[in-house]
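Everything below concerns the one structure shown next.
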Amino acid sequence: MTATAPTRSRAPIYEGTRIPYPIPTVLTTPPSVLATGDVMTVNFGPNHPSTHGVLRLVVDLYGEDVTGLAAVVGYLHTGFEKNMEQKTWWKAIPYAPRMDYVSYQANEYVFVGAVEKLLEIDVPPKAVWMRTLLLELNRIHSHLVWLGTSALELGAISMFWYAFRERETILDLFELVAGYRMHTRYFQVGGLADDVPRGFYPEARSFCDGMPKAIDEYETLLTRNKIWLERTEGLGLLSADDAIALGQSGPVLRASGVDWDTRKVEPYLAYHQVDFRVPVFPEGDVYARYRVHMAEMRESVRIVEQCLERLERMEGEPWIADDRKVVLPPRHELHTSMESLIHHFKIVTEGFRVPEGEVYFAIESPRGELGCYVCSDGGPKPWRVKFRAPSFVALQATATCMTDALIADMIAVVGSLDTVMGEVDR
Amino acid sequence: MPAAVSEWDALPGLVEASERHHETTLVVTLESLVDAATYLRDESDFNFLSDLTAVDYLGWGERAVSGYIGTATGRDLNNPMTQGYQAVPLPKPKRFAVNYHLLSISERPRRVRLQTWVDEGEAVPTVVRVWPTADWHEREQFDLMGIVFDGHPNLVRILLDEDWDGHPLRKDYPIGGEPVRFSGQE
Amino acid sequence: MALDKRLRESGLQSERLLWPTKGPSHYEDEVANLEQDVGLTTLEKAVAWAQTNSMWPDTFGLACCAIEMMSIVSSRYDIARFGMEPFRGSPRQADLLIVSGRVSHKMAAPLRQIYDQMLEPKWVIAMGACASSGGMFNNYAIVQSVDKIVPVDVYVPGCPPRPEQLVEGIIRLHEAVRAGVPPAYDVRSVAS
């Protein structure tokens, strides 16, 4: 343990494993350092400007070196899973987006998709393509929030305003489609809650035209910026084996050199019908994660353009499945058909029933693999819902990434893991 | 029809291998859980533990529910159970099921669910030495469901307060909260 | 209505009686009672003007509402025009605590600690449904309204409230301060 700063420039990803022993998620100060009597334990409390929400880090500092680190979570534990067991399948959907509140539609989709998997229901193509489009817009939104806040924490304060300027445009699109900026509740079991409104496609096209230039602006500000490079290159190293052992996924895994994207390997929605690349960088440091995020934003814009091309030809098609046992019948039918009235009544009061079984559905959220395990007893309410939150797992890598690092690096590393405390604590 | 040799035959402690909704579930005995986990990681290349979920089946089957009433295309008169006859789901072997969702990040990507059953009071051997990511997952299931993981290096509550009483996600723990008071009402 | 006119005269332009024929609610009664005591001298008016024009919030973003709170700092819903863009990291330098998000029982103690560390005068805005009443989470984990822990001045409903809604809440708070309404800790204690 030295008291000087470790070398920064292009340190290679390490040999062997750096996962701490015996507890993989806790960095422990070695006894030799403790014996010097100079170790200070500092609490980066739940209320902290730079910890992306209510994360508490208990850090042992020897001068500026971080020798011990333990993360304490749970300050935002909301009991989502227990609440969802009390509500019907339809009413449980609004709980999902409030977990990962930055990429909310990914959460909504993973729950709705898991229920559709159990129901074995077919979703019409328009809904499939629209869902893909919204998930990609949400990916851009999430990366923009990540970029704005992470850069803000490292001192690149003006990035926050630039990133949020584009974010407002995306939220305008969501408002146009779903009626609200965040937590749109637009995904329904079987498709979408309502048709795509007029005027959405031109607005989305103009967004796609303007976004690549905005990403160019962000890259001009940061990518070759000497201060940014000094603060992010060579830190927070995580090798591919360690990343897989620690359950990392998403940008963190791809920045460690592992070419794994659930959208390519196990395509869901329309991802097998769109053309996009998956950025992979081998360095495994904070800078590589930044590069992955920026490249992913560009690829997402391309996906959105391709979805728009398909959707513009689908005017007038159904946006939700036709299965009256699960989906509400169209309102005009209620005046003429007794069965529709009864189905409407049963679905709204008791809720539709999902066959008995258990299913695990995983998608690629902006943070990594977001999974939803749903267990149904055949009734109108879920028996058990569990969300596999990528941020929960990403925080476990903090100890490994913070080996041989300084206190100032901790902010960069925790920021690069892109955690959202809502889904960590659920 | 000759019985096919399944790729899971060599799995230590295998009780049952089933497939539903395009997902394979492998049920193993509690004692051979760590051996099965190590076998899956080393021989079958399941190097990634996606998720660790415990489910509490207390009260399972007490409500007579049937699946989907009717089929996707409407009532099927040739299939009696689809007309809405209530059926009780089959009982489960023990109270808790612990599911390990595994993924193989390799040339041959696939997923599998490893499942084991425990009763109240039984401890599950930890798989932290097999997949280090299980550390917090096991702590979370201990915290919320009360399942003790034998051999875990740091089994303390993670999401709730250290001194919290009870395990909220169990079926016999109430939802909590308060009755909603309306304005004008005292 | 007479009360409506009195509200407007004391500077509370945004407040309206929601149901004029029903009679005043608890809030209007409270404001009416305060009005007798409220009579600002020029010095107090000047102090109130200074307080509202640079009321610095504390970074207390908890959950989804924090993202919308960050939007009001961004360029479209700019709160720098109210003098409020420096979100202080330290509560000792902050005047306003915008509790944005759900407060779990584990977080309740740090919340009260942060509130206590703030120097008076201090104001609290409960942003969002979860901070105002527990929101959609009526369960074991969430404190059903942050006013059980800290006295609240303004409740902003929404899940999450639009940035404009939060700005409206801030403006109403400013108006109340300029009208002479004391901060919540002088008027009410925490709810039971």
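For A:Lys213 and A:Asn43 in the same chain, what is the full-extension length gain: residue separation times 0.36 nm, less their Cα-Cα distance, in nm?
Contour length minus Cα-Cα distance gives 57.1 nm.
Given a cut-off of 19 Å, what percent of all Cα-Cα pairs of region C:116-189 lie beyond it?
When all Cα pairs of region C:116-189 are counted, 39 percent exceed 19 Å.
Mind checking which of A:Pro355, A:Pro197, A:Pro380 has the largest fluctuation in a GNM of chain A, springs on alpha carbons under 10 Å?
Greatest mean-square fluctuation among the candidates belongs to A:Pro197.
Given R₀ = 60 Å, FRET efficiency for C:Glu120-B:Ala10 by Cβ-Cβ distance, to 0.05?
Given R0 = 60 Å and the Cβ-Cβ separation, E is 0.25.
How many nm is it between the label spots at C:Lys148 and C:Thr41, if each spot is 7 Å from the Cα in line with the beta carbon?
Inter-label distance under the simple model: 4.3 nm.
Highest mean first, how do A:162-173, A:199-210 rank when packing is the count of other Cβ atoms within 10 Å averaged over residues?
Output ranking for A:162-173, A:199-210: A:162-173, A:199-210.
With each label point set 7 Å from Cα along the Cα-Cβ vector, what nm distance links A:Tyr21 and B:Ser106?
Going by the 7 Å Cα→Cβ label model, 2.4 nm.
Please compute the net charge surrounding B:His167, taking Lys and Arg as +1 and Asp and Glu as -1 over other residues with Cβ under 10 Å from its Cβ.
-2
Which of C:Lys45/C:Lys148; A:Lys91/A:Lys325; A:Lys346/A:Lys386; A:Lys117/A:Lys386 have a Cα-Cα distance over 25 Å?
The answer is C:Lys45/C:Lys148; A:Lys346/A:Lys386.
Once you place label points 7 Å from the Cα toward the Cβ at C:Arg112 and B:Asp35, how far apart are they in nm?
The two pseudo-label positions are separated by 5.3 nm.
What FRET efficiency comes out for B:Arg20 versus A:Phe345 if R0 is 30 angstrom and r is the Cβ-Cβ distance? Round to the nearest 0.05.
E(calc), rounded to 0.05, equals 0.45.
Calculate the FRET efficiency for B:Asp172 and B:Leu90 from the Cβ-Cβ distance with a Förster distance of 30 Å, rounded to the nearest 0.05.
E between B:Asp172 and B:Leu90, to the nearest 0.05, is 0.85.
Mind sorting A:Ile227, A:Ile140, B:Ile175 by how few other Cβ atoms lie within 10 Å of their own Cβ, fewest first?
A:Ile227, B:Ile175, A:Ile140
Sorted from largest down, what three extents in whole angstroms do the Cα atoms of chain A have along their principal axes?
The principal-axis extents, from largest down, are 84, 46, 34 Å.
Could you tell me the distance between the Cα centroids of region A:88-111 and region C:38-107, to the nearest Å?
29
For chain A, return all DSSP H helices satisfying: extent of Cα atoms along own axis at least 15 Å; mean Kyte-Doolittle hydropathy at least 1.0.
Span-like helices in chain A: none at all.
Based on the mean of other beta carbon atoms within 10 Å per residue, what is the order of B:154-160, B:50-56, C:126-132, most packed first?
C:126-132, B:50-56, B:154-160
With just the Cα atoms defining each centre, how far is region A:152-188 from region C:148-165? Give it in Å.
Result: 20 Å between the Cα centres.
Starting from the Cα of A:Ser206, move 7 Å in the Cα-to-Cβ direction to define the label point; list residues of region A:125-139 whose amide nitrogen is under 16 Å from there.
The answer is none, because no backbone nitrogen lies closer than 16 Å to the label point.
Restricting to Cα atoms and excluding each atom paired with itself, what does the Kirkwood estimate give for region A:119-244 in Å?
Kirkwood hydrodynamic radius for region A:119-244: 16.9 Å.
Using Cβ counts within 10 Å as a stand-in for footprinting exposure, how do C:Ser54, C:Ser145, A:Ser256 rank, fewest first?
Ranked by crowding around the Cβ, least crowded first: C:Ser54, C:Ser145, A:Ser256.
Just for the Cα atoms in region A:300-361, what are the lengths along the principal axes, largest first, rounded to whole Å?
Projected onto its principal axes, the Cα set of region A:300-361 covers 45, 36, 14 Å.
Arrange the following residues from fewest to most other Cβ atoms within 10 Å of their Cβ: C:Leu166, A:Leu311, A:Leu269.
In increasing order of surrounding Cβ atoms, one gets A:Leu311, A:Leu269, C:Leu166.
Counting only other chains, and only Cβ atoms inside 10 Å, what mean value do you get across the residues of A:22-29?
For this peptide, the per-residue mean of nearby foreign Cβ atoms is 4.
Semi-axes, largest first, in whole Å: what does sqrt of 5 times each Cα gyration tensor eigenvalue give for the protein assembly as shown?
Listed largest to smallest, the semi-axes of the protein assembly as shown are 41, 35, 27 Å.
What does the charge dipole of region A:80-425 about its Cα centre add up to, to the nearest 20 debye, if the Cβ of each Lys and Arg holds +1 and the Cβ of each Asp and Glu holds -1?
That gives region A:80-425 a dipole magnitude of about 580 debye.
Ignore the peptide's own chain and count Cβ atoms of other chains within 10 Å of each Cβ in B:47-59; give me the average, rounded.
6
Within region A:130-173, list the residues whose amide N lies under 18 Å from a label point set 7 Å along Cα→Cβ of A:Glu317.
Label zone hits: A:130-136.
May I ask for the distance between the Cα centers of region A:328-378 and region A:16-54, given as a whole number of Å?
45
Throughout, read-outs are computed from the coordinates displayed, never taken from laboratory work. All values derive from a computational prediction rather than experimental measurement. As a convention, Cβ positions derive from the backbone with ideal geometry for all residues, glycine included, and neighbour counts pool all protein chains shown.
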